[in-house]
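K.L.:
Starting off with a structure, shown below.
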Amino acid sequence: MIEQGWVGAPDGVPDPVRAAALYREAADEGCAEGENNLGALLYLGVAKSRTGDEDGSSVCDPDGDAAEAAALFHRARSRGHAPACSNLALCYEEGRGVAGGRDLERAGALYLEAARAGVVDAYAGAGSVAMMRGDLRDAMAAF
């Protein structure tokens with residue numbers, strides 16, 4: 001991955017801007033992995049959303065970046081990309097980029113969906129969210 005300096009980056013220097021541009025091209029073509037990876041860069045603040053001033057300059061808008069990230073995760077999930085389902089669960093867990101803010105029930109359900117689709121780390125997310133809700137039985141089952 002180019003943002004980590006593994007592929008095509010000169011001298012192995014990470015290039016998250018180039019990575020975001022490449023992931024955006026892939027996402028625009030309907031590639032679920034590109035949507036998920038671009039969403040991750042946006043959510044983490046490494047890349048910026050397409051929002052900008054009239055003069056074309058970029059505007060720093062963390063809420064807009066999280067909202068675009070959540071939308072990308074949702075699209076990738078609808079294409080069957082399980083890691084995007086786990087990332088969307090994080091959006092609901094933290095209440096960033098999603099309508100209505102934090103929703104631990106929705107986060108837990110998405111983590112379990114991702115885990116059952118093969119994202120093993122999502123079981124930890126499901127367990128953690130269950131503990132936040134005070135549901136120790138569900139937490140034990142997830143962990």
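K.L.:
Of the residues that make up region 28-48, is at least one modelled with pLDDT under 85, farther than 30 Å from residue 142 by Cα and hydrophobic (A, V, I, L, M, F, W, C)?
P.N.:
The first filter runs over region 28-48 and keeps only residues modelled with pLDDT under 85, leaving 47-48.
With farther than 30 Å from residue 142 by Cα added as a condition, the list becomes 47-48.
Restricting the remaining residues to those that are hydrophobic (A, V, I, L, M, F, W, C) gives 47.
Scanning region 28-48 turns up at least one residue that is modelled with pLDDT under 85, farther than 30 Å from residue 142 by Cα and hydrophobic (A, V, I, L, M, F, W, C).
K.L.:
Continuing with the same structure: Filter region 82-133 for residues that are open to solvent by 50 Å² or more (accessible area, probe 1.4 Å) and among the charged types (D, E, K, R) and give the result.
P.N.:
Within region 82-133, 94, 96, 102, 103, 105, 106, 113, 116, 121, 133 qualify.
K.L.:
Is it true that some residue in region 95-115 is touching a residue at least 40 places away in the same chain (Cβ under 8 Å) and either among the hydrophobic types (A, V, I, L, M, F, W, C) or outside any helix (DSSP H, G or I) (or both)?
P.N.:
If we filter region 95-115 for residues that are touching a residue at least 40 places away in the same chain (Cβ under 8 Å), which is where we start, we get 96-97.
If we keep only those that are either among the hydrophobic types (A, V, I, L, M, F, W, C) or outside any helix (DSSP H, G or I) (or both) too, we end up with 96-97.
For region 95-115, residues touching a residue at least 40 places away in the same chain (Cβ under 8 Å) and either among the hydrophobic types (A, V, I, L, M, F, W, C) or outside any helix (DSSP H, G or I) (or both): present.
The values are calculated or read from the model by the stated rules, or taken from the named source; none is laboratory data. Small disclaimer: the values here were computed from a predicted structure and weren't measured. Cβ sites come from the backbone with ideal geometry, for glycine too, and all protein chains shown count toward neighbours. These area figures cover heavy atoms from the full protein model, side chains too; ligands, DNA and RNA do not enter into them. Shrake-Rupley method; radii C 1.70, N 1.55, O 1.52, S 1.80 Å.
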